[in-house]
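We did not get these values from a lab; they are worked out from the coordinates using the rules stated. Every value quoted in this text rests on a predicted model; they were computed, and no experiment measured them. Ideal geometry is used to build each Cβ from the backbone, glycine not excepted, and the neighbour counts take in all protein chains shown.
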């Protein structure tokens, strides 16, 4: 008989039903016998991804990040995609898959977070290394993802740091003076000048997830996961409103002066 291999999870079956678990251990912790009723959502997530219980500051950072990312808002493309599924009568899974697909890329999506975490891994808290990397970006290996056309973790459309980005970074920086988030806040004007763009929430998430010890691959997963609540809630809301109240994007169909001149 072949057994499933996992360093994360161990189950002991019920004596009368081999398909049901009597006890489930996550990295050695009895999930239903010890953790249930005592551990928080952040405790469980940290344990699953990192293999150990979080410190108080790590738990607080996960809570802050979870609130900040829970709902990107109806103007954000991944949430709007879920809303389209909801108003169109799609099943719940289809709306969430739409949000995951649209929110997965390198322009404000989870892939951008992973790439920003790779920059942190390569450059650390060395501003000159960041400048050098932006001046001569490393070549990207062949991938399904297009190469980003802007410094990852920064807003290509913004003129200044948005209030929610600054508020989130400030809360995270206050947890640990030696953290990436604290260094980023201390050097924010210089970094934004060097990047030519203001910091984005993807950049804040990359710093926080790096502080938590997540790999870029795990950070990419976490970013996708943490933004699903808002997509789900807006999909349900739009399904109740119906298509006549759906906020479609406005499209300008008037010919431009350039097209008329041609």
Listed residues 11, 76, 217; largest mean-square fluctuation, Gaussian network over the chain with Cα springs below 10 Å, found at 11
Length gained if residue 23 through residue 157 is fully extended, taking 0.36 nm per residue and subtracting the Cα-Cα distance, is 43.2 nm
Each label sits 7 Å from Cα toward the beta-carbon; between residue 16 and residue 166 the label points are separated, in nm, by 6.4
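Please order 201, 225, 185 by the number of other Cβ within 10 Å, starting at the fewest. Write down the numbers at each step before the final one.
Values: 201 23, 225 15, 185 19.
Starting with the residue having the fewest Cβ neighbours, the order is 225, 185, 201.
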Computed over the chain, the relative contact order (Cα-Cα under 8 Å, seq sep at least six) in percent reads 24
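Please arrange 75, 111 by how many other C-beta atoms lie within 10 Å of their C-beta, fewest to most. Working shown, then result.
Details: 75 9, 111 24.
Going from sparsest to densest Cβ surroundings: 75, 111.
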Tilt, helix 56-69 to longest principal axis of the chain (alpha-carbon atoms), in degrees rounded to tens, equals 50
What helix-only [θ] at 222 nm does the chain give? Using -39500 (n - 2.57) per DSSP H run of at least 4, over all residues, to the nearest 500, the answer is -15500 deg cm²/dmol
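What is the percent of Cα-Cα separations in segment 66-240 that go past 29 Å? Walk me through the numbers before you get to the answer.
Values: 3125 of 15225 pairs.
More than 29 Å apart: 21 percent of the Cα pairs in segment 66-240.
Go through 94-101, 18-25 and give me the packing order, highest mean Cβ count within 10 Å leading.
My ranking of the peptides, most packed first, is 94-101, 18-25.
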Expected max-MSF residue from 43, 211, 16 in the GNM of the chain (alpha carbon, under 10 Å) is 16
Helix 228-241 sits off the longest principal axis of the Cα atoms of the chain, rounded to the nearest 10 on a 0 to 90 degree scale, by 70
